[in-house]
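See below for the structure under consideration.
FYI, it's all coordinate maths here, none of it is from the lab. No experiment lies behind these values; they were computed from the predicted model shown. Note that each Cβ is placed from the backbone with ideal geometry, even for glycine, and that neighbours are counted across all protein chains shown.
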Ligand code: NAD
Ligand code: DAU
């Protein structure tokens, strides 16, 4: 499959995970060219693409809901890897509308162009489509877990997964889907849990923990997500779904106290704040299908090392996040979070 992939469209390539994927492809796949399609919403940042070879990466500023633009890009490429989304649960609870537009209608627009051009299409999705697990349940999500999304964000991603599968079954569009757990690493928007707490501490603000802090997330370094997505694009069976995870289950309070300790603060120096409505209790991924069938393994196996590098990146790049900090904290303050 990879021999024929020379030019890919990456939607959402100026965001956290999309930009990591673009850098990963340029660094690891020298024969591949990338066209990034990104609307540069509040979450997109062109600085995330700094250092990309201009002979191999073209940036196109535009919306995935723009059918004519998508059509013209797909006419010239071999595959599309679709990261673009509204990605933050708390925002989806405050205002679901852009989530429906980008995550559902945007994915539909891309699928229609993929149908027209017979385009290889990889859809990047989330483990949140499966809802949550109980804290005391030994089970983990598998590709056979039933869909049970809780939030406007996760239900819009679930809808997009269903569209992708339908376009495969009905029209034969050559698709794969991946559902990944919580990513961490440099360039993640500071609205998200880890960078919010790190930048709070750097800014002299107290970290904020929702609810009882016992909720569990299954953390994976974003570079491991990127290598997994490429592996599926290259070797995945068409029509199949692969779960991506790196056995990184941790409670929120454990992660927060690890951050406080790593940054030289007292581990109890944080505020308990109002819980997120409908807050999923636990996510956990069984990634054996991806590992056994496609031979993928994560490289970032030490969470404490990955976390220390991530903290260092936010310390060294205040200009990247300073402008967004006040706006983001004002939004949280209004929500009591
Ligand atoms: P992000 O919010 O950091 O980036 C999203 C990017 O999409 C931004 O660059 C934004 O400008 C762009 N975008 C938004 N709407 C657009 C539109 N209509 N047209 C074109 N571009 C648009 O998100 P992220 O955390 O990097 O997540 C990327 C993808 O990975 C999403 O599909 C998300 O559901 C999925 N995912 C994320 C995680 C995670 O932990 N962050 C885990 C699993 C899956
Ligand atoms: O599981 C994959 C998903 O992970 C992705 O699909 C989403 O795009 C991504 O945002 C992430 O969703 P979460 O809701 O799990 O991530 P978030 O960083 O918002 O929160 C992680 C946990 O931390 C969650 O249990 C809520 C909690 N939290 C979050 C913030 C921002 C806090 O306790 N305090 C906070 O300030």
Looking at segment 162-176 only, could you name the residues that are over 21 Å from the mean Cα position of the chain (by Cα) and either assigned to a helix (DSSP H, G or I) or more than 23 Å from residue 294 (Cβ to Cβ) (or both)? 166, 167, 168, 169, 170, 171
Does residue 262 satisfy the criteria of being touching a strand residue (DSSP E or B) at 6+ places or on another chain (Cβ under 9 Å) and closer than 25 Å to residue 308 by Cα? no
Return the residue satisfying two criteria in turn: it lies in segment 86-131 and is surrounded by 19 or more Cβ atoms within 10 Å (Cβ to Cβ) and part of a loop (DSSP other than H, G, I, E, B), and of such residues it is farthest from ligand 1 (Cβ to nearest atom). 119
Would you be able to tell me the number of residues in segment 168-186 that are in contact with a strand residue (DSSP E or B) (Cβ under 7 Å, 6 or more places away or on another chain) and more than 28 Å from residue 251 (Cα to Cα)? 5
Given (1) within 22 Å of residue 191 (Cβ to Cβ); (2) out of contact with any strand residue (DSSP E or B) (no Cβ under 9 Å at 6 or more places or on another chain); (3) part of a helix (DSSP H, G or I), where does residue 310 come up short, assuming only one miss? (2)
Here is a list of conditions, (1) in a loop (DSSP other than H, G, I, E, B); (2) in contact (Cβ under 8 Å) with a residue 40 or more places away in the chain; (3) away from ligand 2 (no atom under 12 Å from the Cβ), and residue 264 meets all of them except one; can you say which number that is? (2)
Output the number of the condition that residue 159 fails; it satisfies all remaining conditions of (1) within 13 Å of ligand 1 (Cβ to nearest atom); (2) touching a residue at least 40 places away in the same chain (Cβ under 8 Å); (3) surrounded by 21 or more Cβ atoms within 10 Å (Cβ to Cβ); (4) assigned to a helix (DSSP H, G or I). (3)
Scanning segment 191-239 for residues that are within 16 Å of the chain's Cα centre (by Cα) and in a loop (DSSP other than H, G, I, E, B), which turns out nearest to ligand 1 (Cβ to nearest atom)? 192
